[in-house]
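A short write-up of the structure that comes next.
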Ligand code: NAD
């Protein structure tokens, strides 16, 4: 798998914070190919050694591993070259092709070329077509394209983008990063269910009462207001990351699965997701926007008062949804999803609540009884907790909850980008978003976008530092959101 890694947007923030450190950590873990060339591209002119210095600084600042010795670091940095490129200038691609070919010759590399577009989505199309037109994409080895969300801003624009990209790359050659799919605990879900007969036996609508998926952030809009104010929680989190988590937890994989199985099963989940009817939208979807509040005892402004946000903006910073999967397996089990900014805790987690084992709800028998919960913590801590009932030794006839849990030590865990770049280099598309999934996700979300556009969905205000608007709690009816401090 010796190859050339061409990075568009190599002077940008994502490259500096995530991509260079990921490549370096793969290198120190001996997961990079034996021989490789990395070519960084940005608008301004820069000498190769100045670029290498920038890469070194990014590793020093952001990498989970530091260089063990100078020689290893120099070997890694020696693979980097830089070329100035304006995405719209065909002659810059010709110059890039010359550099790629020169390095392939010097290092005796096969023509395996990975193109990573760490640039705004408005450039995806022009770059892909120039890769084709310049001959960069005509290789005797493989070529692959890595792109990152947003993949469109609604169903029509996503289809249009895909149509354009497919003129230069086949679906098998496109690796759409959803970095939630690179998180170790998400990659662990299949093993958790299939390698544990205890859980596998209970993994059915006979025993599961409901499934909750939460991704809550404590930060506000930060410096991203320009982008976020036109995107919101619905486009920025829900359509991609949250629905991907839903697919990952709901798919039913055979014991031994391959990437094809994963794609098929994820598609089947999306195809069985009950479409939102016009009349259901307001009873299944809650949108919110944070108002002023307190975080860690300090007052913080509401979204409307954040710098860069349009005056009077109706953008959503929170969404909660109730979804139904009409498959034999999940029929009757509601899936609750919520995500938002400026919430009380930072947590990405999936909670599976099991049904009460008795005919009568257990809590009616004794209000100290709790439901069995399986809590899968995806971030920032990673772990699994099972909530059980035990006899309270001090109070006759009462229960007390006990927790069986394990938390992985976060030290030295591979980051999502490492896992994903490594998979893409090996040609393993298991943990990438296939076009079918992207299209079906937009299709499900489109009625919500339409309702927002027409002003048909109320926007609930919630105080910064809270768990979201009251309407998000009412959405669950008899169920409750299980919060971090419950388990
Ligand atoms: P950035 O603005 O920091 O960097 C953009 C890069 O694009 C720079 O290297 C710049 O030189 C290059 N560029 C811009 N216009 C160009 C042109 N005409 N020709 C050639 N190069 C040009 O952006 P970023 O934060 O690195 O994000 C890159 C992409 O990744 C965006 O689409 C963003 O939405 C996405 N993304 C970023 C993050 C993150 O954490 N920063 C996370 C997820 C997704």
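The values are calculated or read from the model by the stated rules, or taken from the named source; none is laboratory data. Bear in mind the structure is a predicted one, so any value in this text is a computation, not a measurement. Heads up, the Cβs are rebuilt from the backbone with ideal geometry, glycines too, and the neighbour counts pull from every protein chain shown.
Considering only residues that are within 14 Å of the ligand (Cβ to nearest atom) and under 31 Å from the mean Cα position of the chain (by Cα), which ones fall in the range 62-90?
Correct list: 62, 82, 83, 84, 85, 86, 87, 88.
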Scan the range 435-483 for residues that are closer than 30 Å to residue 165 by Cα and in contact with a helix residue (DSSP H, G or I) (Cβ under 8 Å, 6 or more places away or on another chain) and report the count. 17
List the helices (runs of 4 or more DSSP H) inside the range 132-224, counting only whole elements, that have at least 1 residues being within 22 Å of residue 242 (Cβ to Cβ). 155-165, 184-187, 189-194
Can you pull out every residue in the range 2-19 that is within 12 Å of the ligand (Cβ to nearest atom) and in contact with a strand residue (DSSP E or B) (Cβ under 9 Å, 6 or more places away or on another chain)? 7, 8, 9, 10, 11, 12, 14, 15, 19
On the given criteria, is residue 160 over 17 Å from residue 132 (Cβ atoms), exposed (fewer than 14 other Cβ atoms within 10 Å of the Cβ) and within 23 Å of the chain's Cα centre (by Cα)? yes
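Here's the yes/no breakdown for (1) out of contact with any strand residue (DSSP E or B) (no Cβ under 7 Å at 6 or more places or on another chain); (2) within 17 Å of residue 242 (Cα to Cα); (3) in a loop (DSSP other than H, G, I, E, B):
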{"residue": "457", "(1), (2), (3)": "no, no, yes"}
{"residue": "460", "(1), (2), (3)": "no, no, no"}
{"residue": "468", "(1), (2), (3)": "no, yes, yes"}
{"residue": "473", "(1), (2), (3)": "yes, no, no"}
{"residue": "478", "(1), (2), (3)": "yes, no, yes"}
Can you pull out the residues in the range 76-102 that are within 17 Å of residue 2 (Cα to Cα), free of Cβ contacts under 8 Å to residues at least 40 places away in the same chain and in a helix (DSSP H, G or I)? 77, 101, 102
How many residues of the range 150-182 are under 24 Å from residue 415 (Cβ atoms) and away from the ligand (no atom under 16 Å from the Cβ)? The answer is 0
Residues that are touching a helix residue (DSSP H, G or I) at 6+ places or on another chain (Cβ under 8 Å), near the ligand (Cβ under 10 Å from one of its atoms) and farther than 21 Å from residue 423 by Cβ, drawn from the range 111-149: 119, 121
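Here are 127, 146: which of them is touching a residue at least 60 places away in the same chain (Cβ under 8 Å), more than 22 Å from the chain's Cα centre (by Cα) and surrounded by 17 or more Cβ atoms within 10 Å (Cβ to Cβ)? Give the derivation first.
Numbers: 146 fails: more than 22 Å from the chain's Cα centre (by Cα).
Matching residue, one of 127, 146: 127.
Conditions tested, residue by residue: (1) farther than 19 Å from residue 375 by Cβ; (2) more than 20 Å from the chain's Cα centre (by Cα); (3) without any contact (Cβ under 8 Å) to a residue 12 or more places away in the chain.
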site: 170; (1), (2), (3): yes, yes, yes
site: 174; (1), (2), (3): yes, no, no
site: 178; (1), (2), (3): yes, no, no
site: 185; (1), (2), (3): no, no, no
site: 188; (1), (2), (3): no, no, yes
site: 202; (1), (2), (3): no, yes, no
site: 205; (1), (2), (3): yes, yes, no
site: 211; (1), (2), (3): no, no, no
Need the failing condition index for residue 284 against (1) at pLDDT 95 or above; (2) surrounded by fewer than 18 Cβ atoms within 10 Å (Cβ to Cβ), just the number. (2)
Do the conditions hold for residue 108, that is, is it closer than 24 Å to residue 162 by Cβ, over 25 Å from the mean Cα position of the chain (by Cα) and either exposed (fewer than 14 other Cβ atoms within 10 Å of the Cβ) or within 14 Å of the ligand (Cβ to nearest atom) (or both)? no
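So which strands (runs of 3 or more DSSP E) are wholly in the range 298-354 and hold at least 3 residues that are touching a strand residue (DSSP E or B) at 6+ places or on another chain (Cβ under 7 Å) and buried (at least 20 other Cβ atoms within 10 Å of the Cβ)?
Values: elements: 298-300, 318-324, 334-340, 347-354.
Those strands (runs of 3 or more DSSP E) span 318-324, 334-340, 347-354.
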Would you check if residue 247 is in contact (Cβ under 8 Å) with a residue 40 or more places away in the chain, surrounded by 15 or more Cβ atoms within 10 Å (Cβ to Cβ), assigned to a helix (DSSP H, G or I) and touching a strand residue (DSSP E or B) at 6+ places or on another chain (Cβ under 7 Å)? no
Just for the range 23-60: of the residues that are in a loop (DSSP other than H, G, I, E, B) and closer than 22 Å to residue 105 by Cβ, which one is nearest to the ligand (Cβ to nearest atom)? 47
Do we have residue 388 as farther than 20 Å from residue 243 by Cα and either part of a strand (DSSP E or B) or under 25 Å from the mean Cα position of the chain (by Cα) (or both) here? yes
